[in-house]
Each structure stands twice: as C-alpha cells, then as structure tokens.
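Q: Structure below; questions to follow.
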Amino acid sequence: MTKSPLQIARAAYQPKVPASIKGATKLVEGKATESVADQAEIKKLFPNTYGLPIVTFETAQQAMSDKAINVGVILSGGQAPGGHNVISGIFDGIKAINKDSKLYGFLGGPSGLVDHKYIELTSDIIDEYRNTGGFDIIGSGRTKLEEIDQFDKGLEICKKLNITAIVIIGGDDSNTNACVLAEYYKAKNTGIQVIGCPKTIDGDLKNEMIETSFGFDTATKVYSEVIGNIERDANSAKKYWHFIKLMGRSASHVTLECALKTHPNITLVGEEVEAKNQSLDDVVTYIATAVKNRADKGLNFGTVLVPEGLIEFIPAIKKLIAELNDMLAANQAEFDKVAADEKISYVVAHLSKENAAIFESLPASVSKQLALERDPHGNVQVSLIETEQLLAEMVAKKLAAWKAEGKFNGKFSTQHHFFGYEGRCAAPSNFDADYCYSLGRVAALLISSGKTGYMSSVRNTTKPASEWLAGGIPITAMMNMEKRNGKMKPVIQKALVKLDGGPFQYFASQREKWAIETDYQYPGPIQYWGPSEVADITTETIQLEHK
C-alpha cells in the first residue's frame with residue numbers, strides 16, 4: 001500500500017482514551033433496562049438478553065481477567081470514518097488482556113462469518129490501517145444475519161477458530177442483527193458472546209447512552225468544507241442558486257449539522273416538514289419566497305441544503321410510500337413478472353384512489369424511482385430520488401409564474417449537488433479517531449467481563465477524552481417493533497431530529513437571518529493538528545445537545 005505524507009503522519013497519532021480504561025478496570029452494573037417501546041413483544045423475542053443492566057467501567061487495582069481470548073470482528077453496512085480504529089482498539093484491548101489473544105476479521109461483511117472467509121489480523125496488518133478511513137482492511141457487506149442456518153454456519157467457524165466473541169460494527173439494522181445473533185447463541189448455550197459498535201454517518205443511531213454514531217463527525221466536516229467552498233463560489237460569481245442534497249437516509253441530522261457549520265440560506269429539515277404537515281408545494285413555495293426576498297435585494301444567488309430522506313417526510317408522500325411498500329411486499333412475485341413499461345400502470349392500479357392520484361401527480365422520474373427502486377428491506381431507496389433537482393425545477397416553474405404575474409423580477413439559475421459517498425471513507429477526524437479507538441477498547445472489556453448482547457458506549461464526549469465515560473448498553477434497550485417487508489420485526493429505534501432539541505432550536509433562531517443575509521461560514525478542511533478547540537472539537541450537534 002502506497003502511503004501519502006498525511007497517512008504517514010497520521011499513523012503516528014496515538015488516540016486519546018478515557019482515563020478509566022487506561023489500566024486495570026472493574027465493571028459496575030447499573031439499573032436494569034427495558035426496550036424503548038413494545039416491551040412485551042421485545043421481551044418475548046429476546047428472553048435471554050432482555051432487561052440486562054447498563055454497565056460502566058471504572059479504574060481498579062486489578063484487571064478483571066487475564067485469560068487469552070479469540071475474537072471475530074465484522075464490518076457491516078456502509079462505510080464510516082473510524083472503522084479501522086475500532087478494530088485497532090479491539091486488537092490492542094484483547095492483547096492488553098493477554099498477549100496470546102487473537103483477532104480474526106471476517107471478510108466482506110456478515111457473509112464472511114457465514115461463508116467462513118476470514119483472516120487473522122496481526123500487528124503488521126493492524127499497524128497499516130491505524131487512523132485511516134475506509135473499511136478496506138477486511139471489507140464490508142450488507143448480508144442480513146436473520147436465519148438459523150446462518151447462525152449455525154457462523155458457529156461452525158467460531159468453534160474451529162476457538163472464537164468466543166464476535167464484534168459487529170454497524171448501524172441500527174446491523175446491530176439489530178447482532179442482538180438476534182447474541183440471543184440465539186445465548187439460548188443455545190454456545191459460549192459465544194456478541195457485542196455491537198455504533199456506526200453510521202447518518203447520526204440516527206443514538207440515545208442517552210450512545211451520544212453519537214461514529215463517522216458522523218468526520219463526514220459532516222467533509223461535507224461542510226465543500227458546502228463552504230460552494231458558498232464562497234456562490235458569493236463570488238453571484239449568479240447561481242446551489243441545491244445540495246446530503247446523505248442521511250431518513251433522518252436530517254447530517255443536513256442540520258452542516259447547516260450549523262456553514263449557515264446556508266435555506267435548510268430543509270424533514271422532521272419539521274412532517275410535523276407541519278407540509279405538502280411538496282408548501283416546501284417549493286418556502287424556497288421560492290426566500291429566492292424572491294434575496295432577489296429583491298439584488299442577490300440572485302444562494303445555497304439550499306436538502307436532506308436525502310425529505311421526500312418521505314412529506315405526509316401525503318409518506319402515506320403513498322407506506323402503501324407502496326406494503327403492496328409491493330405482498331405482490332412481489334407478480335410484480336417481478338410485469339413488463340418494465342407496464343410496471344407504473346400496475347402500481348397505479350393496485351393503489352388506493354387517493355394515493356394513486358398523488359403518485360400520478362409526481363414527475364415521471366420520481367414516480368418511477370418510487371415504484372422500482374427498493375432496498376434490501378423492501379423500502380424506497382430515497383438516495384436515488386434526485387430531490388435536489390426536483391425542487392430546483394419546481395421552484396423555477398413557480399418563479400416563472402410569479403414573473404408572469406409581475407411578482408418576481410430577479411434571475412434564477414441553478415446548480416445541483418449530492419454529497420454522500422465523498423464523506424464515508426475520509427480519514428477520521430481526531431474526535432472520530434479517539435472515539436472509535438475507545439469504542440474498540442470498551443468492546444474488548446465487555447468481552448473480558450463476559451457480556452453479550454451489549455453495544456459499546458462512550459459518553460460525556462463534549463469533555464476532553466480523558467473524562468469520557470466508558471461502558472455498555474443492552475441492545476434490546478434500544479429496540480421497538482417496526483414494519484419491514486410487510487411484517488412487524490424488532491429493530492433498533494431510529495433517532496430522528498428532535499424539533500424541541502438544542503440543535504434544531506438554535507438553527508430555528510438563526511434561519512431567518514441566514515435566509516436573507518449572506519452570512520456564510522467557511523469551516524475549511526478537517527484540522528488534525530493545532531489548538532484543541534480547532535483539532536479536537538466535535539460536532540455542533542453534540543455541543544448544543546449537552547448545553
């Protein structure tokens with residue numbers, strides 16, 4: 001592997017960790033937990049891993065265990081900056097317990113466990129990947145661990161390699177699978193523990209014990225740098241409105257964080273659109289009005305941030321999507337046989353009259369994407385819907401109508417952008433490098449203390465790393481029942497933007513000013529060296545949530 005000067009310099013970086021896990025530790029059990037909703041159903045599905053206590057680690061005179069352990073690690077789902085540091089933390093953690101401990105990486109995601117594809121991760125390999133972005137050390141994948149046959153095949157390779165614990169690094173769906181796997185192995189008394197680590201740049205895997213998912217800090221800094229560059233370009237050329245869609249799946253956390261960092265003229269928050277029961281035309285009118293107000297001041301340029309999942313937050317379209325998901329899940333075999341040029345007609349014929357009318361009112365490109373593109377759960381792939389272009393076109397039409405009525409005298413030219421993959425494999429910020437390494441070290445401690453069905457937790461992250469609190473939370477405590485592929489299933493509850501929370505409330509207090517003024521902020525690239533308030537600073541979101 002050829003290394004850049006930055007990689008060489010970053011390889012020497014020593015991640016900071018909580019003081020409580022630097023030496024010998026002891027585990028302290030807290031209160032018992034229950035799921036966030038649907039307690040009876042979740043308890044019935046997870047009788048062996050439900051109701052476990054929250055745990056924390058504190059300094060001790062003597063280590064909990066010095067027994068050598070073999071651990072398997074899986075990277076699951078989309079990439080997020082810092083994954084390599086989680087693995088480095090696990091490796092260093094189990095080696096600190098006993099130098100004869102071994103770490104095996106399952107290749108290509110969860111399928112590596114099922115198909116018995118793996119490598120032993122030695123110090124030579126680990127050292128090549130410390131503080132680097134990407135998941136290329138062992139690769140990732142989106143195979144779902146849901147079937148007993150998969151669990152049993154995983155058990156075979158664990159027995160062969162004497163693996164007694166598996167760490168699954170992933171988002172809400174991947175950690176739900178980790179919980180299912182932990183329950184199965186516990187029920188069968190296999191002796192194999194399963195621990196999860198919270199990964200996703202989307203920021204929607206968080207709660208009281210999981211303050212942030214790793215990668216969110218780095219990705220939003222990458223996006224904000226480019227948004228700042230675009231804002232400066234807009235303010236230089238003074239002739240374009242830039243519509244920028246940002247990755248984030250259903251939640252608007254990434255968009256809101258980037259808005260707090262860059263002060264764009266317009267930021268759409270899907271959760272607010274839903275709460276206000278806004279239509280697509282309401283959203284378009286809101287943007288067009290801001291464009292007109294700036295044009296009245298001679299400012300024919302601006303920036304608009306659009307969350308990836310906006311379209312499914314519009315109540316009428318959300319109802320349409322829900323019916324589409326159920327209808328296609330129930331008729332998938334028949335739908336697959338329908339000719340490509342007849343699929344849209346098939347969908348219209350099988351929808352309720354109300355939703356069929358909404359479906360037919362949408363631009364052809366959007367209706368086609370709603371009907372044809374599904375994710376592994378059978379749901380709409382909102383990232384494929386070009387919402388930024390759709391909004392720009394609809395705003396242009398509205399402004400043209402206003403111009404014909406003498407209500408708009410400005411100019412409106414647009415540029416479109418979608419930032420997603422650009423942020424997923426960036427070299428982790430100092431925060432993510434430290435946070436991820438700490439998550440890995442904590443995972444090793446959870447294994448050493450005999451825990452299973454837990455997610456690694458590091459809290460108090462607005463403080464210096466030495467003051468962070470290390471521990472674990474039962475995965476069942478985060479779960480509820482949701483409809484997937486037409487069936488109710490246990491899943492980790494997504495954390496959406498809270499409209500009464502500190503981040504949104506601060507944004508709401510500033511957006512009228514940002515809409516009319518050119519109050520852009522240019523954050524620049526990620527800073528790896530310098531004063532702590534520059535190099536180690538975490539997200540605006542976390543800081544505002546913990547004020």
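The values are calculated or read from the model by the stated rules, or taken from the named source; none is laboratory data. The model shown is predicted, which means the values in this text are computed figures rather than measured ones. As a convention, Cβ positions derive from the backbone with ideal geometry for all residues, glycine included, and neighbour counts pool all protein chains shown.
Q: Regarding S88, is this residue out of contact with any Cys (no Cβ under 9 Å at 6 or more places or on another chain) and either hydroxyl-bearing (S, T, Y) or not assigned by TED's automatic domain parsing to the domain that holds Y437 (or both)?
A: Answer is no for this residue.
Q: What is the number of the single condition among (1) surrounded by fewer than 22 Cβ atoms within 10 Å (Cβ to Cβ); (2) at pLDDT 95 or above; (3) not polar (S, T, N, Q) that E208 does not meet?
A: It fails just one condition, (2).
Q: Could you check, for region 371-381, whether at least one of its residues is aliphatic (A, V, I, L, M), loosely packed, with under 15 Cβ neighbours inside 10 Å and not assigned by TED's automatic domain parsing to the domain that holds R142?
A: Within region 371-381 (the criterion being aliphatic (A, V, I, L, M), loosely packed, with under 15 Cβ neighbours inside 10 Å and not assigned by TED's automatic domain parsing to the domain that holds R142), the answer is no, since none of the residues qualifies.
Q: While we're looking at this one, here's another question. Condition test on S224, is it of a type outside the set (D, E) and touching a Cys at 6+ places or on another chain (Cβ under 6 Å)?
A: Yes, satisfied.
Q: Return yes when S224 is part of a helix (DSSP H, G or I), small (G, A, S), on the phi < 0 side of the Ramachandran plot and in contact with an Asp or Glu (Cβ under 8 Å, 6 or more places away or on another chain) and no when it is not.
A: Spelling it out, S224 is indeed part of a helix (DSSP H, G or I), small (G, A, S), on the phi < 0 side of the Ramachandran plot and in contact with an Asp or Glu (Cβ under 8 Å, 6 or more places away or on another chain).
Q: State yes or no: is I230 within 30 Å of T267 (Cβ to Cβ) and outside the structural domain of I526 (by TED's automatic domain parsing)?
A: no
Q: Further question on the same structure: Just one of K102, K159 is in contact with an Asp or Glu (Cβ under 9 Å, 6 or more places away or on another chain) and under 30 Å from M64 (Cβ atoms); which is it?
A: Going through K102, K159 in turn, just one is in contact with an Asp or Glu (Cβ under 9 Å, 6 or more places away or on another chain) and under 30 Å from M64 (Cβ atoms): K102.
Q: Going through region 283-324 one residue at a time, which ones are crowded, with 16+ Cβ neighbours inside 10 Å, farther than 30 Å from A357 by Cα and charged (D, E, K, R)?
A: The answer is K292, R294.
Q: Spot the failing condition for V284; the list is (1) farther than 19 Å from T541 by Cβ; (2) under 12 Å from the mean Cα position of the chain (by Cα), and only one is missed.
A: If we test V284 against (1) farther than 19 Å from T541 by Cβ; (2) under 12 Å from the mean Cα position of the chain (by Cα), just (2) comes out false.
Q: Go through V273, V254 for me and flag whichever is in contact with a strand residue (DSSP E or B) (Cβ under 8 Å, 6 or more places away or on another chain) and assigned by TED's automatic domain parsing to the domain that holds T303.
A: V254
Q: When you look at Q415, is it within 30 Å of E312 (Cα to Cα), surrounded by fewer than 24 Cβ atoms within 10 Å (Cβ to Cβ) and modelled with pLDDT of 95 or more, yes or no?
A: When the stated conditions are applied, Q415 passes them.
Q: Kindly indicate the residue of region 382-402 that is of a type in the set (D, E) and modelled with pLDDT of 90 or more and also surrounded by the fewest Cβ atoms within 10 Å (Cβ to Cβ) among those meeting that condition.
A: E393
Q: From (1) in the same structural domain as V194 (by TED's automatic domain parsing); (2) in a helix (DSSP H, G or I), pick out the condition that doesn't hold for V36.
A: For V36, the exception is condition (2).
Q: Continuing with the same structure: Which residues, taken from region 219-276, are buried (at least 22 other Cβ atoms within 10 Å of the Cβ) and of a type in the set (S, T, Y)?
A: Once the filter is applied, which keeps residues that are buried (at least 22 other Cβ atoms within 10 Å of the Cβ) and of a type in the set (S, T, Y), region 219-276 yields T220, Y223, S224, S252, T255, T262, T267.
Q: What are the residues in region 86-99 that are aliphatic (A, V, I, L, M), more than 30 Å from the chain's Cα centre (by Cα) and within 13 Å of N70 (Cβ to Cβ), if any?
A: Narrowing region 86-99 to residues aliphatic (A, V, I, L, M): 86-87, 90, 94, 96-97.
Remaining after also requiring more than 30 Å from the chain's Cα centre (by Cα): 96-97.
Within region 86-99, just I97 meets the criteria.
This table checks each residue for (1) of a type in the set (A, V, I, L, M, F, W, C); (2) within 30 Å of V291 (Cα to Cα); (3) more than 21 Å from the chain's Cα centre (by Cα).
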{"position": "D149", "(1), (2), (3)": "no, no, yes"}
{"position": "N162", "(1), (2), (3)": "no, no, yes"}
{"position": "I168", "(1), (2), (3)": "yes, no, no"}
{"position": "T176", "(1), (2), (3)": "no, no, no"}
{"position": "Q193", "(1), (2), (3)": "no, no, yes"}
{"position": "F214", "(1), (2), (3)": "yes, no, no"}
{"position": "T218", "(1), (2), (3)": "no, no, no"}
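Q: Now a separate question. Suppose we filter region 458-474 for residues that are in contact with a Gly (Cβ under 8 Å, 6 or more places away or on another chain) and surrounded by fewer than 24 Cβ atoms within 10 Å (Cβ to Cβ); how many remain?
A: Residues that pass the stated criteria total 1.
Q: Can you tell me which residue among A495, A477 is surrounded by fewer than 22 Cβ atoms within 10 Å (Cβ to Cβ), small (G, A, S) and within 27 Å of R249 (Cα to Cα)? Outline the logic, then answer.
A: Details: A477 fails: surrounded by fewer than 22 Cβ atoms within 10 Å (Cβ to Cβ).
Criteria check complete, one pass: A495.
Q: Sticking with this one: Which count do you get for residues in region 119-139 that are of a type in the set (D, E, K, R) and within 12 Å of Q79 (Cβ to Cβ)?
A: Total satisfying the criteria: 1.
Q: Exactly one of (1) touching a Leu at 6+ places or on another chain (Cβ under 7 Å); (2) crowded, with 24+ Cβ neighbours inside 10 Å; (3) part of a loop (DSSP other than H, G, I, E, B) is unmet by I169. Its number?
A: Unmet condition: (3).
Q: Quick one: is Q510 under 29 Å from R294 (Cα atoms) and surrounded by fewer than 17 Cβ atoms within 10 Å (Cβ to Cβ)?
A: Here the answer is yes, as Q510 does meet what is asked.
Q: If a residue counts only when it is more than 30 Å from K276 (Cβ to Cβ) and modelled with pLDDT under 95, which helices (runs of 4 or more DSSP H) contained entirely in region 450-547 have at least 1 such residues?
A: On the way: elements: 502-516, 532-535, 540-545.
So the answer is 532-535.
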